[in-house]
Amino acid sequence: MKQSRAKLKLPVCIVSGSYPPMRDGVGDHTRMLARSFAQLCGKRAHVLTSVEAASDDEVAHVQPLCAGWGLSQILRVIRYLRGLRAGTVVIQAQSNGYGIDTGVLFLPFLLRLAMPRVKMGIVIHEYISCSWKGRFRVLMALPFANQAFAVSQQYLPLLHRALPWMKERIHYVPIASNMTPVPVSKERVNRLRTELGVAQEDLCLVFFGVLRRRKGLDQLLEAFAGVLQRQPHARLLLVGHSREDWFDAEFGPLLKQSAMRDRITLTGRVDDETLSAVLSMCILGVLPFVDGLSTRRGSFLALLAHGLVTVTTRPQHPIPQFEDGVTLRYVDPGDTQGLVDAVCELLENSELREAIARRLPEAARHFDWETIASRMLSLLGD
C-alpha cells in the first residue's frame, strides 16, 4: 500500500446521499470507509452529503451540503470539490439519501469535465435488483470513473459484459460489518443476561439484522419449534428492529400467541457494545435468508467479525471463503427441517462447532474495513 499511497492524490473525498445519523446502510458504509481512509492516509477524508447528516463528526470532515440532489445541488458539490482541490473522489452510486432526484446521475460526467485530473472511484451497491433504468444509470456513470468497485461478485460478469472495454477497471471490493466488535466484561454480560431474562443454562441462538419478511423469520420461528423439541434449553434472541408493517401486523402477534414466546427474546435496536455483549452469550447465529447468503449481508458479516459460528442459507453463487462444514453450515432456502437438523447438529457436536470457529478469523480477514479501504486506495493510486 505504501507505494500506491505515495501516488494517491489528496485530499480524499466521498460523495454520499446519506451519512449518520441518517438510517441507511450506505451512510454507515461511508462512515466506516472514511474512518479507514483516515487511518491509512493520516488525514481525515471529506464527506459531502445531505443536510440531514450530522456535521460534527470525529471520523471525517462532514459537509452536509445538499438539500436534495438536483442539478443545482450537484453543481454546488462540484464547486466545493474544486475549491478544495480534491485529488481523489469516491462516489456512492446508490443511496436512499439521494431520493428521487436525478441530478446525481450527471455527477461523474460533470466532475470529469470540471476536474479532468481527479481520481474518481464509483461504488456500486445495487445492480442485479435494479430496474433496467437503474442499471442504465449505473452503466452511464462508470465510463467517467478511473475505477469502479462492485460490492458483490455476482455483479462482475454482468458489468463486464455490458462494458467490456472497462473490464480491467471494474473490481469486486466487498463490504464489511458496520458493527465493530467491542471488548465486554463478564460483569456486563451477566447484567445483560439478567435484563434479557437469559439463564446461564440457556443455549442461545441469535438472529441479527433488520426484522424483514425476506430475512426468513417465518421459517426461523417454525424451525425453532423443532429445535426446542430436541433442545429444551434453547433460546432464540432476535436482535434488531423492524421497518415493515408486516412485523407489527403479522409476525409480532404471531410471537405473542406462540407457545414458544417464553423462549424468544426481542432486544430491539442495539449499539456496538450491546451487540458484542449479546453475541458473547450466544452459541450460534441463525440467518435463513429467503434468497440465500451473499457478501452484501451486513448482519452475517457482523456475526463473522465476532467469530460466531452461523447457520445460513446456501448462496445463489458460490462464495470462496465460505464452505459448508468448514467456515459455516449451509441449508437450502426454505428447508425448515434442514435448518432444524443443522442447528441441532452444531449444538450437539462441540468439536465441529469449535473447528469451524477456528477457521473464521482467516475468512473474516477478507471482510475487514482496513483491507477494503486499502484495496480501493491502491487501485485509485495506480
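The values are calculated or read from the model by the stated rules, or taken from the named source; none is laboratory data. The shown structure was predicted, so the numbers you read here are calculated from the model rather than taken from an experiment. With ideal geometry, Cβ positions are generated from the backbone for all residues, glycine too; neighbour counts draw on all protein chains shown.
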Search result, residues across region 93-128 that are at pLDDT below 95 and either under 18 Å from R31 (Cβ atoms) or among the small types (G, A, S) (or both): A93, Q94, S95, N96, G97, Y98, G99, G103, H125
Residues of region 259-279 classified as charged (D, E, K, R), within 24 Å of the chain's Cα centre (by Cα) and closer than 11 Å to L237 by Cα, total: 0
Helices (runs of 4 or more DSSP H) completely within region 220-328 that count 2 or more residues being surrounded by 22 or more Cβ atoms within 10 Å (Cβ to Cβ): 272-280, 298-305
Subset of region 88-132 [within 24 Å of the chain's Cα centre (by Cα) and among the polar types (S, T, N, Q)]: T88, Q92, Q94, S95, N96, S129, S131
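Limited to region 251-277, what total is found for residues that are within 27 Å of D332 (Cα to Cα) and modelled with pLDDT of 85 or more?
Going through region 251-277, the residues within 27 Å of D332 (Cα to Cα) turn out to be 251-252, 254-255, 258-261, 263-266.
Checking the rest, the ones that are also modelled with pLDDT of 85 or more come to 263-266.
Result for region 251-277: 4.
Within the bounds of region 194-207, is there any residue that is part of a helix (DSSP H, G or I), at pLDDT below 90 and more than 29 Å from L33 (Cβ to Cβ)?
Keep residues of region 194-207 that are part of a helix (DSSP H, G or I), which gives 194-196.
Now restrict to residues that are at pLDDT below 90: none.
Among the residues of region 194-207, not one is part of a helix (DSSP H, G or I), at pLDDT below 90 and more than 29 Å from L33 (Cβ to Cβ), which makes the answer no.
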Close pairs (7 angstrom Cβ cut-off, 6 or more residues apart or separate chains): more than 17 Å from L211 (Cβ to Cβ) in region 251-280, assigned to a helix (DSSP H, G or I) and charged (D, E, K, R) anywhere: A277/R188
Every pair of residues 6+ apart whose Cβ atoms lie under 6 Å, when the first sits in region 357-376 and is of a type in the set (D, E) while the second is crowded, with 18+ Cβ neighbours inside 10 Å and not in a helix (DSSP H, G or I): D368/A176
Residue check, R79 outside any strand (DSSP E or B), of a type outside the set (A, V, I, L, M, F, W, C), modelled with pLDDT of 90 or more and under 21 Å from the mean Cα position of the chain (by Cα): no
Among the residues listed as G97, G103, the single one being crowded, with 17+ Cβ neighbours inside 10 Å, in contact (Cβ under 8 Å) with a residue 60 or more places away in the chain and either over 25 Å from A176 (Cβ atoms) or small (G, A, S) (or both): G97
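Going by what's in this entry, would H160 be described as without any contact (Cβ under 8 Å) to a residue 12 or more places away in the chain and in contact with a strand residue (DSSP E or B) (Cβ under 8 Å, 6 or more places away or on another chain)?
On the way: without any contact (Cβ under 8 Å) to a residue 12 or more places away in the chain: yes; in contact with a strand residue (DSSP E or B) (Cβ under 8 Å, 6 or more places away or on another chain): yes.
So H160 fits the description; yes.
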Residue in region 307-352 that is modelled with the lowest pLDDT, counting only those that are under 23 Å from S152 (Cβ atoms) and hydrophobic (A, V, I, L, M, F, W, C): I319
Residue count for region 331-370, restricted to those that are surrounded by fewer than 19 Cβ atoms within 10 Å (Cβ to Cβ) and not in a helix (DSSP H, G or I): 5
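Determine if region 195-212 includes at least one residue that is among the basic types (K, R) and in contact with a Ser or Thr (Cβ under 9 Å, 6 or more places away or on another chain).
Step one: of region 195-212, the residues among the basic types (K, R) are 212.
Next, from what is left, pick out any that are in contact with a Ser or Thr (Cβ under 9 Å, 6 or more places away or on another chain): 212.
For region 195-212, residues among the basic types (K, R) and in contact with a Ser or Thr (Cβ under 9 Å, 6 or more places away or on another chain): present.
Given the criterion free of Cβ contacts under 8 Å to residues at least 60 places away in the same chain, at negative phi and either in contact with a Leu (Cβ under 8 Å, 6 or more places away or on another chain) or not basic (K, R) (or both), identify the matching residue among G17, G87, G70. Step through it out loud before you land on a result.
Details: G17 fails: free of Cβ contacts under 8 Å to residues at least 60 places away in the same chain; G87 fails: free of Cβ contacts under 8 Å to residues at least 60 places away in the same chain.
Of the residues listed, the single one that is free of Cβ contacts under 8 Å to residues at least 60 places away in the same chain, at negative phi and either in contact with a Leu (Cβ under 8 Å, 6 or more places away or on another chain) or not basic (K, R) (or both) is G70.
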Failed item in (1) free of Cβ contacts under 8 Å to residues at least 40 places away in the same chain; (2) surrounded by 17 or more Cβ atoms within 10 Å (Cβ to Cβ); (3) farther than 19 Å from V104 by Cβ, with R35 passing the rest: (1)
Within region 92-178, strands (runs of 3 or more DSSP E) holding 1 or more residues that are among the hydroxyl-bearing types (S, T, Y): 170-172
